[in-house]
Structure formats: C-alpha cells, structure tokens
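Beneath this line is the structure, given in structure tokens, with notes to follow.
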Amino acid sequence: MGKEDELRDILDEVVNSISMTQGNPRTWLSWVVYLLARLEEKATSENPTYKDSYLDMLAALQDELRNRMRTGGWH
C-alpha cells in the first residue's frame with residue numbers, strides 16, 4: 001500500500017469518527033474549517049512562499065464546490 005492509500009485510509013477513519021460524533025452534516029463545517037486552517041498553518045510554516053500556492057488551492061476548492069452545487073456530484 002502506498003502513502004496516498006494510507007492517507008486515504010486515515011482520512012476515512014477521521015470521516016467516520018466525525019460522523020459518529022456529530023451525525024448532522026451541518027455541524028461538520030467547523031471540522032472542515034479546522035482542517036483547512038491546520039493545512040495552511042503547516043504549509044506556510046514549512047515554506048512561507050507556499051502562501052500563494054495555498055490560496056490557489058483554496059480558489060480551486062471554491063471552483064470544485066461551485067461545480068458540486070451545480071452538477072450534484074464531485075469531479
């Protein structure tokens with residue numbers, strides 16, 4: 001199993017833990033924001049020039065969310 005597969009497994013466990021702890025998806029927003037904040041913190045602490053790259057990722061995420069709302073599915 002590769003690193004990406006291991007990470008997916010870890011994230012699947014996190015998703016299961018969050019959904020068991022807080023069953024209402026509306027309450028998951030705070031966890032998504034928490035994750036994004038920690039990722040930004042990690043990216044910029046390791047290399048401050050990653051700030052722009054992180055903001056680009058947020059813009060791409062925004063596009064993905066818009067597409068999800070429009071099409072009803074993830075790409």
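The values are calculated or read from the model by the stated rules, or taken from the named source; none is laboratory data. Predicted, not measured: the structure shown is a model, and the values here were computed from it. Positions of Cβ are backbone-derived with ideal geometry, glycine not excepted, and every protein chain shown enters the neighbour counts. Heavy atoms of the whole protein, side chains included, go into the accessibility calculation; ligands, DNA and RNA do not. Shrake-Rupley method; radii C 1.70, N 1.55, O 1.52, S 1.80 Å.
Magnitude of the charge dipole for the chain, about its Cα centre and with charges confined to Cβ atoms of Lys, Arg (+1) and Asp, Glu (-1), is about 400 debye.
How much of residue 38 can a 1.4 Å solvent probe reach, expressed as accessible area in Å² and rounded to 10? Only protein atoms counted, so the area is about 90 Å².
Kirkwood radius for the chain, taken over all pairs of different Cα atoms as the inverse mean of 1/r, rounds to 14.4 Å. For the chain, the fraction of 1.4 Å probe accessible surface lying on carbon and sulfur atoms is 59 percent. The residues of the chain expose on average 86 square angstrom of accessible surface per residue, using a 1.4 Å probe on protein heavy atoms. Using a probe of 1.4 Å, the accessible surface attributed to residue 13 totals some 120 Å² when neighbouring protein chains are kept in position.
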